[in-house]
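K.L.:
Structure incoming, see below.
Every number in this text was worked out from the coordinates using simple rules, so none of it is lab data. This structure is a prediction, so every number in the text was calculated from the model and none was measured. Cβ atoms come from the backbone with ideal geometry, glycine included; neighbour counts cover every protein chain shown.
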């Protein structure tokens, strides 16, 4: 069943007539399946209390259900006058059963209860002290999906910046946000100033984002040969906007060496579009100065 569903989704992707948001969601589903649904267990850990070898599969048909006495009287609530007393007996009995399975040896009921209480306290303290930060690939995919959906659902860059700032990213996740700005910009058919303004706003609000964008500029220039003509144009105009607005430092241009050995056709096109945009923004006089 699930194979047929994913086969249909694959065919839909191949048709290529989807919005970017829908396409991204389907790709996330394929990634989750590739990871073996590790974050979507069929049975949650809290409910997986029976060992596999002790499990029994009961096959019940509708005919059997009709013949069996369902004991509907049990569905009616009955007030228990000795509720607290019976609840205490139940807790005592459940502790005895669970401890006999998990611990070796026997002891007095009082010592068992004390050890249980101490164990619960230690476990609670451990939970408070240890804060696990999930930096797995699945968590990054979820983060990138959230950023993407926020960008697509925003009317303008100011609204988008406001929403993204409320996300309160964890330390180290700033570069993922910067990468998403550039990736979304590169995917557009033509350059949209929205992304340049958005990146500029983040650099001006928080200087933490300046260094990631400068590093991405250097990485992008080193790998321009991997970009097609459309992506190359959009990326060049994106960084031209950041340079013109002084959102990132001009020292990033020091990696450019204008000679035949250190450049290729893609990097030369990148440089050409970059400086064409800068000349339009600033004028040749100011740019040469």
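K.L.:
What order do you get for 35-45, 205-215 when each peptide is scored by the mean count of other beta carbon atoms within 10 Å, highest first?
P.N.:
205-215, 35-45
K.L.:
Using only Cα atoms, locate the centre of region 199-277 and the centre of region 31-49, then give the distance between them in Å, rounded to an integer.
P.N.:
42
K.L.:
Tell me, what is the percent relative contact order of region 159-288, built from C-alpha pairs under 8 Å that lie six or more residues apart?
P.N.:
The value is 27 percent.
K.L.:
Using a Förster distance of 25 angstrom, determine the FRET efficiency expected from the C-beta separation of residue 51 and residue 82, and round it to 0.05.
P.N.:
The value I calculate is 0.15.
K.L.:
What's the FRET efficiency of residue 272 with residue 246 using the Cβ-Cβ distance as r and R₀ = 22 Å, to the nearest 0.05?
P.N.:
Between residue 272 and residue 246 the formula returns 0.50.
K.L.:
Let me ask something else. For the peptides 236-247, 76-87, what is the packing order when you average, over each peptide's residues, the other Cβ atoms within 10 Å and list the highest mean first?
P.N.:
236-247, 76-87
K.L.:
Which part of region 211-249 falls in the paramagnetic zone of residue 265, meaning amide N under 20 Å from the point 7 Å along Cα-to-beta-carbon?
P.N.:
221-236
K.L.:
By per-residue mean of other Cβ atoms within 10 Å, what is the highest-first order of 150-156, 8-14?
P.N.:
Most protected by this proxy first, the peptides run 150-156, 8-14.
K.L.:
How much length is gained if the chain between residue 28 and residue 140 is pulled fully straight, taking 0.36 nm per residue apart and subtracting their Cα-Cα distance, in nm to one decimal?
P.N.:
Length gained, residue 28 through residue 140: 39.2 nm.
K.L.:
Sticking with this one: Counting other beta carbons within 10 Å of each residue's own, what order do 177, 18 fall into, fewest first?
P.N.:
Listing 177, 18 from fewest to most nearby Cβ atoms yields 18, 177.
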